[in-house]
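To start, the structure under review is shown below, and the notes come after it.
The values are calculated or read from the model by the stated rules, or taken from the named source; none is laboratory data. Predicted model, so just to flag it, every value in this text is computed and none were measured. Here the Cβ positions follow ideal geometry from the backbone for every residue, glycine too, while neighbour counts run over all protein chains shown. What goes into the accessible areas is simple: the full protein's heavy atoms, side chains included, and nothing from ligands, DNA or RNA. Shrake-Rupley method; radii C 1.70, N 1.55, O 1.52, S 1.80 Å.
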Amino acid sequence: MDGPAQPEPDQGQPAVEPVSEAGSRSRFLTGVVVSEGIAIGTAQVHSEKLRIPRYEVTELEVKLELAKFDRTLAVSREQLLGLKQQHLGSEQTVRILESQLLMLTDPLFMGDVIQRIRGERRNAESVVADVVDEFCRTFEAMEDPYMRERVADVQDVGYRILRNLMQKEYISLDKVGPNTVLVCHQLSPSEVAQLSAKKVAGLASEVGGVTSHAAILARGLGIPALVGVQDVCVRVNSGDRVILDCVNGRVHINPSQEEVVEYADVKKRLVVSRERLLAGEALEARTADGLDLWLRANISVPAEVDSIRAFGAQGVGLLRTEYLYLSSTTPPSEGGVLLHRHERPDPVHHGGGPHERAAGRGVRDAPGGGLAAHQDGRRCGQARPDRRVVLR
Amino acid sequence: MVSRRALVSNRLGFHLRAVSTIVEACSKFKAGITLARDGDRRNGRSILDLMMLEADMGTVLTIEADGVDETEAVDTLVKLFECRFGEE
């Protein structure tokens, strides 16, 4: 959560610059390309970085702060109940929302907030932020990785209360429509794992790196992404039209019609050149001296199977199982992991091919990952279990 | 006051589902209810407090209830532990 209140950065620029001639440039921000492509869409700011106002209040104002906090809890409760109503079909989602509802009425959490607003005579926002932070630190220190992951739930509830206190719009990833360019401070890997290229046109974040897990996932899903775009959450507003140029590393905010046309053309050319490269996809992976090789790709989430197929991969070299855990609230069962492996219409099975050992890589020590990996370990007789799945 | 020991016998231990079930059950009683692990006593109505027990499968907890419906409360909770919080 944020430090002391900071003045809002200058937002004095006009939203749209006048368009005079073709080729005129609207304002843009720069960033680092982590997943190539062009996205033209509507921005949705999904900012985790809230600027928390911090101030002391008088004895009389304490009552007002408490009343404000109370109203906010009621609003948050209504929102969660509404969300639950929308997701009645999904037992798991309902369970997550129910546990969040319980956190909203948690006597320890809420009791602490009320007691501290009274005792420390501070505004509700700063107290809620501090209490959420303290709970998160406690959970982060836990040994059990599943429990550590609960930090996300506590934060989620905390942010909901804070957003409602500060009357900021709450954006959930569920509401993201097609042609949305998600703008955020930092996307967590589990958030990216929930996305699909069909739902999101592009991603732009303030922090992150080329090798961050979120970036790796974005590339795997074929979603154009930029990281390190300074102040993008402040400079871009939800609803702005943006062009995400993930070739040159630029975010164009409210571009002119000429630019949109220009970029639509660039995007088309990129698709064509990509298709030309993929034309060799059906060719056998054979060296000049006739040695057959297995071409396999590493994946993290089942959705990536589609994109590695498009690139002509014959199988999966390494399946990073941790995202199966991170994107779910309960550890996936062995059956669930196997289901992921078989959910393709045609059978997906592992098998040995030539040079099996050359491609052999250990499964990372994902929490409980050994569960599913052992089967292969037994088959291959290797010390480090190997996950290899062949698409036929 | 009524006090009984209960074994965490579900595979996932005190994960969200189990803890939510306990909190929901505790909310139906008037008695004050605590769950303790080696003297570390936590509020039965607080999902966050209970998760901090980090009780995994095999942990023995002491359930304590104090109030008009204490016996019924402890019985209900012990039954929840026995049926592994509905986990298959």
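For every helix of n ≥ 4 consecutive DSSP H residues, a contribution of -39,500 (n - 2.57) applies; sum these over chain B, divide by its total residues, and give [θ] at 222 nm rounded to the nearest 500 deg cm²/dmol. Numbers along the way, then the final one.
Working: 3 runs with 29 residues, N = 88.
Calculated at 222 nm, the ellipticity per residue is -9500 deg cm²/dmol.
How big is the A-B contact in terms of buried accessible area, both chains counted, 1.4 Å probe, rounded to the nearest 100 Å²?
Numbers: alone 20500 and 5000 Å², together 23770 Å².
Using a 1.4 Å probe on protein heavy atoms, the buried area is about 1700 Å².
For the Cα atoms of chain B, what angle does the longest principal axis make with the long axis of helix B:16-26, in degrees from 0 to 90, nearest 10?
That works out to roughly 10 degrees.
What's the average, rounded to a whole number, of partner chain beta-carbon atoms within 10 Å of each residue's beta-carbon in A:130-139? Present the calculation step by step, with values, prior to reporting the outcome.
Details: counts 0, 0, 0, 0, 0, 3, 0, 0, 3, 4.
Across A:130-139, the average partner-chain Cβ count within 10 Å equals 1.
To the nearest 0.05, what FRET efficiency results for residue A:186 and residue A:143 with a Förster distance of 30 Å applied to their C-beta separation? Don't jump to the answer; show the numbers that get you there.
Values: r = 25 Å, r/R0 = 0.85.
Step by step, r from the Cβ atoms, then E = 0.75.
Are there trypsin sites (Lys or Arg not before Pro) in segment B:14-82 that DSSP marks as loop and that have at most 13 other Cβ atoms within 10 Å, and which are they?
Values: sites: B:17, B:28, B:30, B:37, B:41, B:42, B:45, B:79; in loops: B:28, B:30, B:45.
Hits after loop and neighbour filter: B:28, B:30.
Calculate the mean, over all residues of peptide B:38-51, of how many other protein chain Cβ atoms lie within 10 angstrom of the residue's Cβ. Let's see the in-between values first.
Values: counts 0, 0, 0, 0, 1, 4, 1, 5, 9, 15, 14, 4, 2, 12.
Taking the mean over all residues of the peptide, I get 5.
Helix B:70-82 sits at what angle to the longest principal axis of chain B, using alpha carbons and giving 0 to 90 degrees rounded to 10?
Long axis of B:70-82 versus the principal axis of chain B: about 10 degrees.
Order of A:154-165, A:228-239 by packing, highest average Cβ count within 10 Å first? Could you put the intermediate results ahead of the total?
Details: A:154-165: 21.1, A:228-239: 17.4.
Packing order, densest peptide first, comes out as A:154-165, A:228-239.
What length, rounded to one decimal in nm, is gained on full extension from residue A:283 through to residue A:95, with 0.36 nm per residue of separation minus their alpha-carbon distance? Could the numbers behind the result be given before it?
Details: separation 188, 0.36 × 188 = 67.68 nm, distance 4.77 nm.
Result: 62.9 nm gained on full extension.
What number, in percent, do you get for the relative contact order of segment B:2-86 if the mean sequence gap of Cα pairs under 8 Å and at least 6 apart is divided by its residue count?
Working: 156 pairs, mean separation 38.8, N = 85.
Normalised by residue count, the contact order of segment B:2-86 is 46 percent.
Around residue B:17, what is the net charge, scoring Lys/Arg as +1 and Asp/Glu as -1 over all other residues with Cβ under 10 Å from its Cβ?
Numbers: positive: A:95; negative: A:98, B:87.
Local net charge: -1.
Using alpha-carbon pairs under 8 Å, 6+ residues apart, how would you state the relative contact order of segment A:57-159 in percent?
Details: 74 pairs, mean separation 28.4, N = 103.
Reported relative contact order: 28 percent.
Let me spell out the model: positive unit charges on the Cβ of Lys and Arg, negative unit charges on the Cβ of Asp and Glu, origin at the Cα centre of chain B. What dipole size does that give, in debye rounded to 20?
Values: 12 positive and 15 negative charges, 15 e Å.
Charge dipole, chain B, about its Cα centre: 80 debye, nearest 20.
Could you give the Stokes-Einstein D for segment A:59-165 in µm² per second, using the C-alpha Kirkwood radius, 25 °C, 0.890 mPa s? Each step should come with its number before you reach the end.
On the way: Rh = 14.5 Å.
The Stokes-Einstein estimate is 169 µm²/s.
Sort B:9, B:3 from largest to smallest accessible area, using a 1.4 Å probe on the heavy atoms of the protein chains. Let's see the in-between values first.
Numbers: B:9 35, B:3 60 Å².
So the residues, ranked largest to smallest area, are B:3, B:9.
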